[in-house]
Structures are given as C-alpha cells and as structure tokens.
C-alpha cells in the first residue's frame, strides 16, 4: 500500500496504535519461549519508529498494517515469534531508509533473511519482455529453498491488503485483485489455508465484480434466517445420534462463499435460485482411545447415513488418501429437509487444525503420522526443483508455477502398484518424468492399462501405466505440447537446450575446420555472408544447421565467392522526418495516442468507424456496453477492453498490472456489438420462424448467424446477433423466454467467432 508523510502522529493515532498492538499481544499463539515476547515488543517499537508519520491511503497510521499482518501470521496461520517479528518489520527495509544490515544487527540473520525475501525487487528490468510483478513473485518463491515462512507472511500481507483495498484507486484495485485470484488464492489453497483462500477469493471477486458480488450477497442475506433454521433442523437428529454413541464433538453450519456460488452459477449456467447445494455442516470430533481417527470418521458417516439418504457420487474420501496440501476429511452429501442437499464434512481435531492453519499445523503434527513423506512434502520438493533452474523469462516462470498449483488431481499406478499423484489432464509423458527424469528423457511410448499408447495419451484416475524406453531416444520439441507438469516441461526444455548447445558447438567446430582447410580466417564478414546466403537470423542458427548437416560445407568456397545481392532488401526501412516507416505501401504512422490518466476512468466513446476507434474489444470475452469492463494498455498504447472475469484479463492483472486502467462505457446508439445467446426447448412447427421474427422484426435486432439442431423432439442452438447494450440483450432474452415451447434462453458469456 502507498503511504505518504503528510502529517505528524497525533495523540489519537498513538492511542489507536497501542490498542491495535494489544490485540496482537493479548492473544499470542505459540510464543511462550523465553525471550519471545521481548523480541516481538522490540520489533514493534523498532517498526513503529521507522514508520513514524507514515499514513496509508485510508488515512490510518501505516504501522497498523504490519500489526495486522502479524496478527494474521500468528492467530490465523499459527506461526511463531520470529515470524511475528518479521511481519512487524516486513516493510521497514523497502519503505524507509533503514538498510537490511541494521535489521541483521538488531534482530539476527534469521529474521533479516525473512525480511529480505519479503522486500520487493529494486533496479532495472526489461519492460518489453519482463514483468516486475513476476520478478517479485519469483524472488519471493526463491526463499522456498531457505525458509518457507516468507511465503506464509506474504500471504498474510496480501490478505490484509485485500481487506483494506477500498482506499486504493480503481486501476490498482483491479491489478491487486487480479493478481490475488490468479496466484495468491491458489497458493493459499495449495498450502491448506482454506479459510484464507476462501476470503481471498471473495475479496478479489468483490473488487473485480462489485455489482454481481453485491447482488449475490444481498440474496444470501435474505435467505440467511431460513437456511439457519434448515441447518438446525438437519443437525438435531445427528447431534442426538452422536451423543448416544458417546462421541465428543463440535458441529457447525456454514454457507457457500459468494465466489463459489458465482462459480457454480457460471459452470452450471443457472441463476442464484437454482444453486441448491449452498448448505454444509462440519463435524469436528475428539478422537477416542478405542479406535483410530479413520475408523471414527467412518463410524460417524454410518450414523449420519442411518438418518439421511446419501448421494453416492458425492462421497469424498480424503482420509484414506489426503489431498496434496495435507487436507484430510470425509465429505458426504445427503438429502436433508425440504428436499435440500446438504454437505457434511467429518474431521478430527487434528484434521481441522491442519485444514484451518495449513502448512504450520502440517509441520506441528508431522511427528504424529507414520507417513514418511506427505503429498505436501512432495509438492514442495517439486517447486524447489523448478526454482533450482528458473527460466530466464519471468512470465514463463509465472505460468509454470501457476501450473503447479493444480487443485484437481488424478491418482495413477505404476506396474508394481505404487501410487502417483498427477494434475488432471496429465499425459503419459508427465507420468514418465514424475517417475524419474532419465525415464522421461528416454521414453518412446507407454502401456496404459496394458494397452500400447502414445506418450501424448491423457491419463485418467485409476490408470496403470508402464513407460517404454529406448537408449537412443531423446526429447523432442513437440513434447512440450503435451507435457503439462512443471517438472516435465522443465526437463524437456533442459534437454532441448543441452542438445542445442552441443549442436551449436559441433557446427562451430565444423565451420572453423572447413575454413582452415580453405586457408580462410573466420571473421564477422564471413559469418554475415553466410547468414545472408542462407537467410538466417543469427550465427547460433547457422552453427545449429551446420551441426545438423542441413548446410553442406562442401559448397562453402562457392558460397563465399557469390556476389552480394546489393543493398536492396525485400523489406527495407527509410527514415523520413524522424519517423521510421517500412517501405511496404503502408499508410503513414498514426498520430501519437492521447495521454491516459490511470486515476480517472477512460471513457469508451461511440465511433461507428472502427478504424478510428481508440480502443479494441477483446475477442476472447466479447464485452458489450453495459458489461463490467476493464482496460489493458498494450505496448503500442492501444486500449484492449476485457471483462474482469476473462481468464486473459486476470492473467494480465497478475503479470502486467501496471498496464490495467479503469474504463467506462458511454452511451452507444449507433455502433453494434456481437453477442451470442443459447436457446433450447421442445420443438414444434414454426418455432424457429417465431424466434427469428421476434428478433429481427419486433425488436429490430440484426442476426449474424443462427445454428439450431433438433433431437428426439428437443431443440437447442445458438444465435449470434448485434446489439447496442446489455439492456437490449436482456430485453431480447425476456421476450424469447415467453415463447411457447422455449425452456431456456441464456447469454453465452465467452465465445470465439
């Protein structure tokens, strides 16, 4: 958050700071070792002095932010005294004149290393190819090799920033919210911080889609009393059964988060009223001495299914095989009162602690489990392997890391029955590299369930896979098309890079030897002649082709004797009046674009002539006037208009957030925008004609394309049409819904022309 030294601390400010600090120190968790509280108090006094007279955009003293981050680190994540001290100090080096060496002197190297990992990158970077956001994220992740607490403190920092994001300008809100949903929420989920992950998702959604968020929140509030009564009715017989079996437990009800409700509405293409699985009940029990935790979970499951009918396809057993982030629980869905499906989560106290505190609790209980290496340990090992050889392009690195945060998993078996976890959509090639890099590099095929299959085969949960290898096999560039895991992609890239390096060196040696035989000394003119002759871009490509045998050096003397084609080239540049133009018949370069003020919404004005529009509608999400939109200022200073929920826009917010700008529609009465609706219902004679008549004649809307199919008396199809505003589209949908036989008319939010 930006801060400014605009005024001196007042007595009220000092009182509030001490009050906030008391909320931390009065509820400290796992800070009982000698010297813990003294170290925390010293860190607070040091940070308070360093941030003196600094204020956040909200107007509150800046030190309140580190105090709240420290509270999240301790009370919501469960980290100890050193992490609390580091959280209090986390912005001192970045935002004040105090150097890291002073932190080391005052608090020791451990806390200094934590703060160093949390301090953003300073200095230069290539704005055309690199992203400062991605560079910062990569630097933070590099601390995985040293101290994982940096990541957890950063997540706490992001959570408090999201909780106080209202005070930021809109373009910065969009940037931070996009980065949060793209990286930080999945990262929190991977580390088992489910409560934090849910809050990050909801807050990101709130700032990216404020109108939709408020509408869903309002409907949830309206149903709250009714749903609470339903949960109470549902829980009473379960409570009675658990008490009769002398089980010590705590039971609580909860509702789906606003973001998960919206996701369900999107995936099922249904309105809020048709999202039925909104309710869930959680049972946390205290394990008894007479049976194992797992057995007690199944005992409680049996008691519940004696009362309510379960839905067989909704059983989720994460006690036999925990999730990769360490999550353990037994989930079932049963038919409750009033025909409502209710999800029940069954956990022991240990399982609940891990689910709430994630990584910190995972290590706390590690000694209590016989599992030598958990799935979370394996994931951390993979991330460290990826970080050991990071790609030069930070945006590529960001994509690779994002890929590792998969939430949907499949379980695949080796020929000997060993279980291997892979992301959903993984190929046989991914499996090969998961077993060992050498096996992946030498793979030529696979047997999936004893059937010979190519390496590109997409695996399903439960498949048994055997990899066929050959000593003469080597990775190919095409493998990157179906290598999905970061481990597989990095291994293929490394192998291709090594092979390319060897080939370049071989080609260089061959060329030097041939030139020596001809009595010619190699120089830049020789290389330039060869590049021009073979129409190559650089000398590495020349050496590589020689090494592959694609360039025959027997003709080298003849090639070097060729007369140059002259100074004319196919594409040549001519500088006129300081403006560079390609001599290809192109029009003159346009006038410089208008200056964009990121603090003010850019108005998307109507201009029927698309050639003079100052903005471009993104083809990936096809927004139309009336939609919530966000602008991306590309490298040519053009504004690309996206919907905030568009995956492309979310990625841009997370990697190039400094180019995100707020935009607003103006009134559009002339220009039309392409939209698509889906329609289905019961077929009858003249139905399609009635639909097209209402669209084109009564509502005066132009149809671009209509595609309808009928099967067993049911018709469904899509219609592409041009509208001025979402109001026109909503009116059209309402009119079509009233036609006899029409069951559903909905807008298709994202489509490709």
> Between residues in region 233-262 that are under 16 Å from residue 194 (Cβ atoms) and residues that are in a loop (DSSP other than H, G, I, E, B), which pairs lie under 9 Å by C-beta distance while being six or more apart or on different chains?
Replying inline: 255/278; 256/275; 256/277; 256/278
> Just to be sure, is residue 23 assigned by TED's automatic domain parsing to the domain that holds residue 88 and either modelled with pLDDT under 90 or over 37 Å from the mean Cα position of the chain (by Cα) (or both)?
Replying inline: no
> What is the one condition in (1) within 42 Å of the chain's Cα centre (by Cα); (2) assigned to a helix (DSSP H, G or I) that residue 528 does not satisfy?
Replying inline: (1)
> In region 695-715, what count of residues is obtained for those that are on the phi > 0 side of the Ramachandran plot and either touching a strand residue (DSSP E or B) at 6+ places or on another chain (Cβ under 9 Å) or not assigned by TED's automatic domain parsing to the domain that holds residue 728 (or both)?
Replying inline: 1
> Any idea how many residues of region 722-750 are touching a residue at least 60 places away in the same chain (Cβ under 8 Å), farther than 24 Å from residue 669 by Cα and not in a strand (DSSP E or B)?
Replying inline: 1
>> Out of the helices (runs of 4 or more DSSP H) lying entirely within region 12-102, which hold 1 or more residues that are farther than 24 Å from residue 357 by Cα?
In response: 36-50, 92-95
>> Which of the numbered conditions does residue 496 fail, given that it passes all the others? Conditions: (1) in contact with a helix residue (DSSP H, G or I) (Cβ under 7 Å, 6 or more places away or on another chain); (2) assigned to a loop (DSSP other than H, G, I, E, B).
In response: (2)
>> Being at pLDDT 75 or above and farther than 30 Å from residue 559 by Cα: is that true of residue 460 here?
In response: yes
> What single numbered condition from (1) crowded, with 16+ Cβ neighbours inside 10 Å; (2) at pLDDT below 75; (3) more than 30 Å from residue 442 (Cβ to Cβ) fails to hold for residue 547?
Replying inline: (3)
> Any residue in region 506-513 that is surrounded by fewer than 19 Cβ atoms within 10 Å (Cβ to Cβ) and either assigned to a strand (DSSP E or B) or within 37 Å of the chain's Cα centre (by Cα) (or both)?
Replying inline: no
> (1) in contact (Cβ under 8 Å) with a residue 40 or more places away in the chain; (2) outside any helix (DSSP H, G or I); (3) in contact with a helix residue (DSSP H, G or I) (Cβ under 9 Å, 6 or more places away or on another chain): which one isn't true of residue 649, the others all being true?
Replying inline: (2)
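So that you can scan it fast, the table gives a plain yes or no per residue for (1) surrounded by fewer than 20 Cβ atoms within 10 Å (Cβ to Cβ); (2) at pLDDT 90 or above; (3) assigned by TED's automatic domain parsing to the domain that holds residue 152; (4) at positive phi:
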| site | (1), (2), (3), (4) |
| --- | --- |
| 296 | no, yes, no, no |
| 306 | yes, yes, no, no |
| 312 | yes, no, no, no |
| 328 | no, no, no, no |
| 366 | yes, no, no, no |
> Across region 652-690, which residue is farthest from residue 637 (Cα to Cα) among those that are outside any strand (DSSP E or B) and in contact with a helix residue (DSSP H, G or I) (Cβ under 6 Å, 6 or more places away or on another chain)?
Replying inline: 654
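Conditions (1) part of a helix (DSSP H, G or I); (2) closer than 14 Å to residue 242 by Cα, marked per residue:
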site: 273; (1), (2): yes, no
site: 277; (1), (2): no, no
site: 283; (1), (2): no, yes
site: 287; (1), (2): no, yes
site: 297; (1), (2): yes, yes
site: 302; (1), (2): yes, yes
site: 305; (1), (2): yes, yes
> Could you say which residue among 630, 616, 691 is more than 32 Å from the chain's Cα centre (by Cα) and at pLDDT 85 or above?
Replying inline: 691
>> Given the options 388, 446, name the one that is modelled with pLDDT under 90 and either more than 17 Å from residue 489 (Cβ to Cβ) or out of contact with any strand residue (DSSP E or B) (no Cβ under 8 Å at 6 or more places or on another chain) (or both).
In response: 388
>> Based on this model, can you work out whether residue 212 counts as in contact with a helix residue (DSSP H, G or I) (Cβ under 6 Å, 6 or more places away or on another chain) and outside any loop (DSSP other than H, G, I, E, B)?
In response: no
>> Residues to consider are 261, 238, 247; find the one that is outside any helix (DSSP H, G or I), surrounded by 17 or more Cβ atoms within 10 Å (Cβ to Cβ) and not assigned by TED's automatic domain parsing to the domain that holds residue 163.
In response: 247
> If you check residue 719 against the conditions, is it in contact with a helix residue (DSSP H, G or I) (Cβ under 8 Å, 6 or more places away or on another chain), surrounded by 17 or more Cβ atoms within 10 Å (Cβ to Cβ), part of a strand (DSSP E or B) and modelled with pLDDT of 85 or more?
Replying inline: yes
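The values are calculated or read from the model by the stated rules, or taken from the named source; none is laboratory data. Not measured: the values here are computed from a predicted model. Counting neighbours? That spans all protein chains shown, and the Cβs are built from the backbone with ideal geometry, glycine included.
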